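Enquirer: Okay, handing you the structure first.
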């Protein structure tokens, strides 16, 4: 089996050698040997790095991603956790679509002032209620 040197892994994956060393230190990937001072990796590390990148894009922490690999580095993807993350992404998409629609309305509203636009005021009111319900905004502090 031909091993990949850390420079080759960095070149093929687009991930800096420093990040590869960090991933190894964190237990996400592992080198199989050294050639001089340079780490050597099995070719399967490229699949692992793609899965790590996908997990990061989905919003998983490195700790959560690390728990999705067996000791041998092969994926062990917990379906319930992945479903929950997909549901979280769906909620975020709905929020972003509503925000986009609000921004488009603000940009295109024919009212002389946005504060005179009933649709704008309704959208702002709805956004405020959603934010307060989810705990996004702290209560204002009283002056002392």
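Enquirer: Please compute the contact order of the chain in relative form: average sequence separation of alpha-carbon pairs under 8 Å and at least six residues apart, divided by the residue count, as a percent.
Expert: Numbers: 94 pairs, mean separation 20.5, N = 144.
Relative contact order here is 14 percent.
Enquirer: I would also like to ask the following. Given the options 46, 103, 20, state which has the largest fluctuation in a GNM of the chain using a 10 Å cut-off (strictly under) for Cα springs.
Expert: Per the Cα network of the chain with a 10 Å cutoff, 103 tops the list.
Enquirer: When the helix-only estimate is applied to the chain (DSSP H runs of n ≥ 4, each -39,500 (n - 2.57), divided by the residue count), what is the mean residue ellipticity at 222 nm, nearest 500 deg cm²/dmol? Kindly include the intermediate steps, with their values, before the conclusion.
Expert: On the way: 6 runs with 82 residues, N = 144.
The helix-only estimate for the chain comes to -18500 deg cm²/dmol at 222 nm.
Enquirer: Sticking with this one: Note the per residue figure in Å³ for the convex hull of the C-alpha positions in the stretch 79-133. Before the final figure, lay out each step's value.
Expert: On the way: hull volume 3.5 nm³, N = 55.
Once divided by residue count, the hull of the stretch 79-133 is 64 Å³.
Enquirer: Computed from these coordinates, which is P(r) over Cα pairs in 5 Å bins from 0, in percent: [x] 2, 8, 13, 13, 10, 9, 8, 8, 8, 7, 6, 4, 2, 1, 0; [y] 2, 9, 15, 16, 15, 13, 11, 9, 5, 3, 1, 0, 0; [z] 1, 6, 7, 10, 9, 7, 6, 6, 6, 5, 5, 5, 5, 4, 4, 4, 4, 3, 2, 1, 0?
Expert: [x]
Enquirer: Taking springs between alpha-carbon atoms closer than 10 angstrom, which of 36, 63, 27 fluctuates most in the Gaussian network model of the chain?
Expert: Taking springs between Cα atoms under 10 Å, the residue moving most is 36.
Enquirer: Further question on the same structure: If R0 is 30 Å, what FRET efficiency do you get for residue 26 and residue 87 from their C-beta distance, rounded to 0.05? All intermediate terms of the calculation are to be shown ahead of the outcome.
Expert: Details: r = 27 Å, r/R0 = 0.89.
About 0.65, to the nearest 0.05.
Enquirer: Pick from 129, 85, 16: which residue has the top mean-square fluctuation in a GNM of the chain where Cα pairs under 10 Å get a spring?
Expert: 129
Enquirer: Using Cα-Cα distances under 8 Å and only pairs 6 or more residues apart, what relative contact order does the stretch 4-66 have, in percent?
Expert: Values: 56 pairs, mean separation 20.3, N = 63.
Taking the mean separation of contacting Cα pairs over the length of the stretch 4-66, I get 32 percent.
Enquirer: Okay, moving on. Residues of the stretch 3-31 with the amide nitrogen closer than 11 Å to a label point 7 Å from the Cα of residue 44, along Cα-to-Cβ, please.
Expert: 30
Enquirer: What base-10 log of the normalised intensity I(q)/I(0) is obtained for the stretch 4-66 from the Debye formula, alpha carbons as equal point scatterers, at q = 0.15, 0.21, 0.22 Å⁻¹?
Expert: -0.41, -0.78, -0.85
Every number here is computed from the coordinates shown, using simple stated rules; none is lab data. Keep in mind that what you see is a predicted model, and the values were worked out from it rather than measured. We place every Cβ from the backbone using ideal geometry, glycine too, and count neighbours over all the protein chains shown.
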